[in-house]
Amino acid sequence: MTAEIIVVTSGKGGVGKTTTSASLATGLAMAGKKVAVIDFDVGLRNLDLIMGCERRVVYDFINVVHGEATLKQSLIKDKRHDNLYVLAASQTRDKDALTQEGVEKVLDGLSEDGFDYVVCDSPAGIEKGAHLAMYFADHAVVVVNPEVSSVRDSDRILGLLASKTRRAERGEGAITQHLLLTRYNPARVAIGEMLSVKDVEEILGISVVGVIPESENVLTASNNGIPVIVDVNSMAGQAYSDTVARILGEERPLRFIDVPKKGFLQRVFGG
Amino acid sequence: MGILDFLKRKPEPTATVARERLRIIVAQERSTRGAPDYLPMMRNELLEVIKKYVHVDIEAININLERDSGHEILELSVTLPDGKSPDKAGSDAKAG
């Protein structure tokens with residue numbers, strides 16, 4: 001049994017890749033899957049903070065690649081979910097520390113250890129780290145904001161996913177592409193200040209797997225080191241749960257994409 | 001300020017502007033994706049040659065690379081200015 005490899009990527013930075021990786025991995029674990037989430041951003045370790053395990057990092061991804069530590073020693077078990085593990089990025093400044101053979105070795109090791117899913121949190125850009133994060137993937141989650149530069153970059157990434165992966169090179173069939181629209185603000189869309197779900201889908205020629213509304217809960221979650229999907233009362237958390245369910249093959253309608261209707265009392269008294 | 005402002009059309013919503021800009025740039029970038037790196041330079045050099053004989057704008061040269069099963073077709077089309085005949089000269093050349 002080989003692990004399904006999912007890359008979370010975007011091209012542009014700051015659109016919500018790490019937030020998405022953390023919630024996707026946690027959501028898959030909540031669905032009973034054995035999951036590892038790997039930070040590919042060599043030099044800039046971030047995922048450990050979002051997952052709330054930054055003080056428990058002893059060995060990292062590069063240590064495993066170089067044989068300085070075993071996978072078992074380096075995988076950090078999540079506090080809340082027994083079947084969820086984090087592999088932190090190295091803080092080395094050596095950009096060549098990551099190699100294709102090394103990444104393959106780690107992914108094969110995770111498959112042998114019985115992992116169902118490996119989530120690869122890609123760095124921004126289209127350099128080596130981003131390339132290696134997507135190379136072995138079976139599925140891709142392309143995170144996009146309703147904003148011109150992010151949309152353009154994600155089109156570029158969709159092109160790379162179709163050609164620069166092992167599956168593409170070996171002719172093993174295209175990798176499954178999922179478009180995830182984050183930081184969506186239905187109120188601004190309604191007054192024509194923001195690209196709509198439909199606009200983004202039409203421009204990129206691919207339908208969304210989920211829409212995450214812009215929400216203060218995302219910052220609160222990262223402040224606390226708890227993936228936002230754990231916050232089941234927040235709209236962002238619920239939108240991530242829907243997204244994970246869809247990636248697992250369930251059909252769920254999109255939520256939180258329209259301006260909430262005001263109730264009678266709110267209309268009379270405002271607020 | 002005053003009655004004239006009242007009669008002016010409402011400005012286009014910025015999301016519409018963004019959508020149109022993206023449509024154009026994404027289509028343009030997709031058409032050149034995977035094409036050899038020398039295409040833009042070749043386009044400029046071709047323009048220089050054509051300029052020796054007719055005055056044309058850089059926008060008038062269109063280079064298109066199409067992949068068919070097993071071979072690639074490089075299509076070059078130049079729109080000549082008015083008054084010249086023929087209006088459009090097209091030539092096909094095989095590359096790769």
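See the values below:
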read-out: Qualifying residue in the stretch B:14-34 (condition: exposed (fewer than 12 other Cβ atoms within 10 Å of the Cβ), aliphatic (A, V, I, L, M) and away from chain A (no Cβ under 14 Å)); value: no
read-out: Residue that is surrounded by the most Cβ atoms within 10 Å (Cβ to Cβ), among those in the stretch A:29-42 that are of a type outside the set (A, V, I, L, M) and touching a helix residue (DSSP H, G or I) at 6+ places or on another chain (Cβ under 7 Å); value: A:ASP39
read-out: Residue check for A:GLY173: surrounded by fewer than 17 Cβ atoms within 10 Å (Cβ to Cβ) and under 16 Å from A:ALA140 (Cα atoms); value: yes
read-out: Filter result for the condition that a residue is in contact with a helix residue (DSSP H, G or I) (Cβ under 9 Å, 6 or more places away or on another chain) and modelled with pLDDT of 85 or more, over B:ARG43, B:ARG33, B:ARG23; value: B:ARG23
read-out: Matching option when the condition is out of contact with any Ser or Thr (no Cβ under 9 Å at 6 or more places or on another chain) and among the charged types (D, E, K, R), among A:GLU202, A:GLU214, A:GLU193; value: A:GLU202
read-out: Scan of the stretch A:138-156 for residues that are among the hydrophobic types (A, V, I, L, M, F, W, C), within 12 Å of chain B (Cβ to nearest Cβ) and closer than 17 Å to A:GLN177 by Cα, ordered by number; value: A:VAL144, A:VAL151
read-out: Checklist (1) surrounded by 15 or more Cβ atoms within 10 Å (Cβ to Cβ); (2) over 16 Å from A:GLY16 (Cβ atoms); (3) away from chain B (no Cβ under 14 Å) applied to A:ASN233, failing item; value: (1)
read-out: Helices (runs of 4 or more DSSP H) wholly inside the stretch A:34-135 that include at least 1 residues being farther than 30 Å from A:SER149 by Cβ and touching a residue at least 60 places away in the same chain (Cβ under 8 Å); value: A:100-112
read-out: Subset of the stretch A:57-70 [over 9 Å from A:ALA88 (Cβ atoms) and either crowded, with 18+ Cβ neighbours inside 10 Å or of a type in the set (D, E, K, R) (or both)]; value: A:ILE62, A:ASN63, A:VAL64, A:VAL65, A:GLU68
read-out: Answer residue from the stretch A:202-223, given it is surrounded by fewer than 17 Cβ atoms within 10 Å (Cβ to Cβ) and within 11 Å of chain B (Cβ to nearest Cβ) and is modelled with the lowest pLDDT among those; value: A:GLY205
read-out: Which listed residue is more than 14 Å from every other protein chain (Cβ to nearest Cβ) and at positive phi, from A:GLY114, A:GLY129; value: A:GLY114
read-out: Top-ranked residue of the stretch A:165-188 - restricted to ones that are within 14 Å of chain B (Cβ to nearest Cβ) and in contact (Cβ under 8 Å) with a residue 60 or more places away in the chain, ranked as farthest from A:ILE212 (Cα to Cα); value: A:ALA187
read-out: Wholly enclosed helices (runs of 4 or more DSSP H) of the stretch A:141-243 bearing at least 1 residues of a type in the set (S, T, N, Q); value: A:148-163, A:216-224
read-out: Among (1) in a loop (DSSP other than H, G, I, E, B); (2) under 19 Å from the mean Cα position of the chain (by Cα); (3) touching a residue at least 40 places away in the same chain (Cβ under 8 Å), the one test that A:PHE256 misses; value: (2)
read-out: So A:TYR135, is it in contact with a strand residue (DSSP E or B) (Cβ under 8 Å, 6 or more places away or on another chain), among the aromatic types (Phe, Trp, Tyr) and away from chain B (no Cβ under 13 Å); value: no
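The values are calculated or read from the model by the stated rules, or taken from the named source; none is laboratory data. Being a predicted model, the structure only gives us computed values, none of them experimental. Ideal geometry is used to build each Cβ from the backbone, glycine not excepted, and the neighbour counts take in all protein chains shown.
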